[in-house]
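**Q** Take a look at this one; I'll ask things after.
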Amino acid sequence: MSEFRNLIDPSDFSVDELYGLIADAQAIISSPDDFKHTADGKILASLFYEPSTRTKFSFDAAMLRLGGQVIGFSDPTTSSTAKGETIADSAKTVSQYADIIVVRHPKEGTAKLMSKYADCPVINAGDGGHQHPTQTLTDLLTIMNCKGRLDNLTVGVCGDLKFGRTIHSLVTCLSRFENIKFVFISPEELSMPGYVKETIAKRNIEFTETSDLESSIPKLDILYMSRVQRERFVSEEEYLRLKDVFILTADKMKLAKPDMIVMHPLPRVNEIATEVDSDPRAKYFEQVRYGMFIRMALIKKLLNL
């Protein structure tokens, strides 16, 4: 058994640890200069086998702002993967150079596999349509800072619930907090996977499923929008049929509570009209900023700094 911790799934951390990470991130937000030498001499390996802007940049920025350095790739064709190197061998090799590894991969389970062979902590930055735990940490920090709590909330998740790894992670993680209710808003073809519903049902969490965004909005404390992900579809025709099913507009926002917040992991396509950006309840660009700070707290925790 390795002596270090990994983050593969949000459940790898206890609720108390999640609160601790949030508190640490808030301390960094308050006094960033106090942390700019925290990771001096440490190296983060950034292994992105799948495209990313926010996740990759926020991890890179997080490590650099802690005083560490970053190596890695954002195109697997430039690595030995193109020569047929296995994930296990890549993990073993890269961990000889780096103190911590961040990996994103299109195949579910890759981060977990890598963690079994690496000689340093591994962070899952998204594995296929399965989990995206650091986006969930970002979401928790956003909710805490915007709503002041992680319990007693009605949360609507809307869009691609079938392939949305950010949503799978958030729903299963939030279901560990007190008095959370969910409204799953999607077309039938993109409904929440059974394993997620089974997980929250075992925790006696109340949820409803609907395809009606307008009738759902008034009851929500949080509306979490997601794009329909073209890269997860086998059929282009099916993607085109479903991609614009839900579009959040200024008119629909009039139906919402004055303090409801709108979140989105980004990138967006058409699912939130740009006119919503000026609404003070739109928090998705703040989410981006919070993502860097929570990842700074996470790196600090996993490296015992």
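The values are calculated or read from the model by the stated rules, or taken from the named source; none is laboratory data. Keep in mind the model is a prediction, meaning the values are calculated, not measured. Cβ coordinates were reconstructed from backbone atoms using ideal geometry, including for glycine residues, and neighbour counts include every protein chain displayed. Ligands, DNA and RNA are stripped out before the accessible areas are found, and what is left, the full protein with its side chains, is counted by its heavy atoms. Shrake-Rupley method; radii C 1.70, N 1.55, O 1.52, S 1.80 Å.
**Q** Suppose we keep only residues that are of a type in the set (S, T, N, Q) and loosely packed, with under 15 Cβ neighbours inside 10 Å within the range 246-305. Which one would you say is farthest from residue 167 (Cα to Cα)?
**A** So the first thing to find is which residues in the range 246-305 are of a type in the set (S, T, N, Q), and the list is 249, 270, 274, 278, 287, 304.
Then keep just the ones that are loosely packed, with under 15 Cβ neighbours inside 10 Å; that gives 249, 270, 274, 278, 304.
Working: 249: 21, 270: 18, 274: 22, 278: 24, 304: 29 Å.
For the range 246-305, the residue satisfying everything is 304.
**Q** Let me ask something else. Can you report the number of residues in the range 138-181 which are open to solvent by 10 Å² or more (accessible area, probe 1.4 Å) and either in contact (Cβ under 8 Å) with a residue 24 or more places away in the chain or acidic (Asp, Glu) (or both)? Full working, then the answer.
**A** Of the residues in the range 138-181, the ones open to solvent by 10 Å² or more (accessible area, probe 1.4 Å) are 144-149, 151-152, 154, 162-163, 165-166, 172, 176-179, 181.
The next check asks that each one be either in contact (Cβ under 8 Å) with a residue 24 or more places away in the chain or acidic (Asp, Glu) (or both); those that pass are 144-147, 151-152, 154, 162-163, 165-166, 172, 176-179, 181.
Within the range 138-181, residues that are open to solvent by 10 Å² or more (accessible area, probe 1.4 Å) and either in contact (Cβ under 8 Å) with a residue 24 or more places away in the chain or acidic (Asp, Glu) (or both) number 17.
**Q** If I ask for residues that are in a loop (DSSP other than H, G, I, E, B), open to solvent by less than 40 Å² (accessible area, probe 1.4 Å) and within 24 Å of residue 131 (Cβ to Cβ), which ones from the range 10-53 would you list?
**A** Passing the criteria: 13, 49, 50, 52.
**Q** Go through the range 278-305 and give me each residue that's within 14 Å of the chain's Cα centre (by Cα) and polar (S, T, N, Q).
**A** 287
**Q** A further question on this structure: In the range 94-114, is there at least one residue being open to solvent by less than 10 Å² (accessible area, probe 1.4 Å), of a type in the set (A, V, I, L, M, F, W, C), under 18 Å from residue 223 (Cβ atoms) and not in a strand (DSSP E or B)?
**A** Within the range 94-114, not a single residue is open to solvent by less than 10 Å² (accessible area, probe 1.4 Å), of a type in the set (A, V, I, L, M, F, W, C), under 18 Å from residue 223 (Cβ atoms) and not in a strand (DSSP E or B).
**Q** If we keep just the residues of the range 182-220 that are assigned to a strand (DSSP E or B) and among the polar types (S, T, N, Q), which is farthest from residue 168 (Cα to Cα)? Break it down stepwise before answering.
**A** From the range 182-220, those assigned to a strand (DSSP E or B) are 182-185, 206-210; that's our starting set.
Still in the list and also among the polar types (S, T, N, Q): 208, 210.
Details: 208: 15, 210: 17 Å.
Within the range 182-220, the match that is farthest from residue 168 (Cα to Cα) is 210.
**Q** Next question, about the same structure. All but one of (1) of a type in the set (Gly, Ala, Ser); (2) at pLDDT below 95; (3) open to solvent by less than 40 Å² (accessible area, probe 1.4 Å) hold for residue 211, so report the exception by its number.
**A** With respect to (1) of a type in the set (Gly, Ala, Ser); (2) at pLDDT below 95; (3) open to solvent by less than 40 Å² (accessible area, probe 1.4 Å), residue 211 is out only on (3).
**Q** If I go through the range 58-87 residue by residue, how many of them are open to solvent by 60 Å² or more (accessible area, probe 1.4 Å), assigned to a helix (DSSP H, G or I) and at pLDDT 95 or above?
**A** The qualifying residues number 2.
**Q** Name the residues in the range 146-178 that are aromatic (Phe, Trp, Tyr) and under 15 Å from residue 14 (Cβ atoms), would you? Break it down into steps so the answer makes sense when it comes.
**A** Keep residues of the range 146-178 that are aromatic (Phe, Trp, Tyr), which gives 163, 177.
Result: 177, single match.
So that you can scan it fast, the table gives a plain yes or no per residue for (1) under 23 Å from residue 115 (Cα atoms); (2) of a type in the set (Gly, Ala, Ser):
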| site | (1), (2) |
| --- | --- |
| 35 | no, no |
| 38 | no, no |
| 46 | yes, yes |
| 49 | yes, no |
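**Q** Here are some residues: 88, 25. Which one is closer than 15 Å to residue 301 by Cβ and not basic (Lys, Arg)?
**A** On the way: 88 fails: closer than 15 Å to residue 301 by Cβ.
Sole residue among the options that is closer than 15 Å to residue 301 by Cβ and not basic (Lys, Arg): 25.
**Q** Only residues that are over 23 Å from residue 50 (Cα atoms), assigned to a loop (DSSP other than H, G, I, E, B), acidic (Asp, Glu) and at pLDDT 70 or above: list them for the range 221-278, please.
**A** 221, 259
**Q** Which pairs have Cβ atoms under 6 Å, sit 6 or more apart or on different chains, and link a residue in the range 284-297 that is over 11 Å from residue 137 (Cβ atoms) to one that is open to solvent by 60 Å² or more (accessible area, probe 1.4 Å)?
**A** Listed by first residue and then by second, the contacts come to 288/54.
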